[in-house]
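The values are calculated or read from the model by the stated rules, or taken from the named source; none is laboratory data. Please read these numbers as outputs of a predicted model, since none were measured by experiment. In this analysis, Cβ positions are derived from the backbone assuming ideal geometry, glycine residues included, and neighbour counts consider all displayed protein chains. Just the protein is used for accessible areas: all its heavy atoms, side chains included, with ligands, DNA and RNA removed. Shrake-Rupley method; radii C 1.70, N 1.55, O 1.52, S 1.80 Å.
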Amino acid sequence: MDVTPNGTNQVNPICRNRQAPYSYEIIQNLDTTGILLFALLTLMTVFAFLVFLEESYYMYRKISGPKKSIMIWINAGAPIIAITSCVGMWIPRSTMFTDFTASVFLAVFIHKFQQMLVSECGGKKEFLKKFGDKKLQISTGPFCCCCVCLPQKDINSRTLLILKLGTFQFAFLRPVLMFLSVVLWTNGTYILGSSSVDGATMWINLTLAIITITALWAVGIMFNLVRPTLTDKNIIPKFAVYQFIVILSQLQTSIMNILATVGVISCVPPLPGPSRASYMNQQLLIMEMFLTTMLCRMLYRRKYDTPATDEEIKDNVQNSTLDLNGKALEEKLQYV
């Protein structure tokens with residue numbers, strides 16, 4: 001607040017309008033510490049992206065088939081969120097668009113992680129062969145962790161399809177709802193931080209929460225089933241990193257928005273309360289996703305079984321034929 005000559009308090013127009021500033025306003029108000037922080041966070045984002053490119057090239061050469069794209073998508077989760085956060089940090093008015101991009105990628109990331117659990121078991125046929133005689137426990141978090149009375153289901157093609165649909169609906173509906181949010185935001189109908197029952201913000205956020213919990217529930221059911229089988233492939237730390245990315249990109253952002261709505265994160269010109277909350281969250285996400293990218297590289301960097309090429313198969317056949325002919329010739333010479 002500004003104090004007028006007659007002693008009354010006057011609200012700063014920036015705090016009253018609650019509009020995000022332009023990027024040049026942010027840069028003009030940066031001190032030496034702020035400039036160093038922006039430079040460091042930008043370098044961390046660039047380095048995380050370069051690490052992802054190197055890891056993608058490694059997986060492209062070492063893995064074949066659909067498993068290749070699944071692994072690359074999963075490793076792209078943290079660096080993409082870091083990139084969108086860095087863009088939002090430099091250009092505060094692009095927050096809705098950067099959040100839309102990150103949300104779309106996160107939705108696909110969750111669906112791909114579930115696909116990875118199946119592919120690590122050898123694919124759909126091998127998965128059903130391994131777990132066909134077991135029961136599926138559906139009383140798990142975050143949806144039904146307290147409902148221990150829920151019945152256990154048989155594992156077959158139908159239950160596997162239902163679990164896949166649990167994450168696919170999230171990968172499909174979340175981008176649609178986020179696109180609708182951006183459209184309504186441009187019209188002034190969608191207001192960040194609004195909790196009014198009459199507005200579209202609360203209903204869209206409530207729908208997003210339901211489909212998100214449903215997708216996480218489907219992944220949790222699948223993980224509890226395959227965890228004993230995939231222990232040698234570091235599936236527990238991989239699942240922990242997966243949860244780390246989801247929680248930080250969703251729960252942390254929601255907490256920051258709530259703190260801005262109730263006034264805990266106050267307006268500091270040129271940043272109003274909601275923009276300052278997004279600004280702080282984006283800086284935290286860059287550091288967190290940088291560390292997560294390094295951790296993903298350690299977990300997913302392993303020796304993959306690469307199938308033999310056509311030339312290698314021909315060479316093996318020829319070598320086997322030569323060995324058989326050689327043994328037959330030796331046996332004939334022994335009889336002579």
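Run the numbers on segment 205-276 and let me know its relative contact order in percent, using alpha-carbon pairs under 8 Å that are six or more apart. Before the final figure, lay out the partial values.
On the way: 22 pairs, mean separation 10.0, N = 72.
Value for segment 205-276: 14 percent.
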Quick one: accessible surface of residue 186, probe radius 1.4 Å, all protein chains present, in square angstrom to the nearest 10. 100
Per residue, accessible area of segment 196-251 with a 1.4 Å probe, heavy atoms of protein chains only, in Å², comes to 45
What net charge do the residues around residue 66 carry, taking every other residue with its C-beta under 13 Å from that of residue 66, with Lys and Arg at +1 and Asp and Glu at -1? +3
Listed here are the pairs 68/233; 67/153; 134/233; 68/135; 62/233; which of them are more than 24 Å apart at the Cα? 67/153; 68/135
Size of segment 69-109 along its principal axes in angstrom, Cα-based, largest extent first? 33, 14, 9
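Using the per-residue mean of other Cβ atoms lying within 10 Å as a proxy for protection, in what order, highest first, do the peptides 225-238, 103-116, 76-89 fall?
Details: 225-238: 14.8, 103-116: 22.4, 76-89: 25.3.
Averaged packing, sorted descending, gives the order 76-89, 103-116, 225-238.
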State the percentage of accessible surface on segment 172-277 attributable to carbon and sulfur atoms; use a 1.4 Å probe and exclude ligands, DNA and RNA. 70
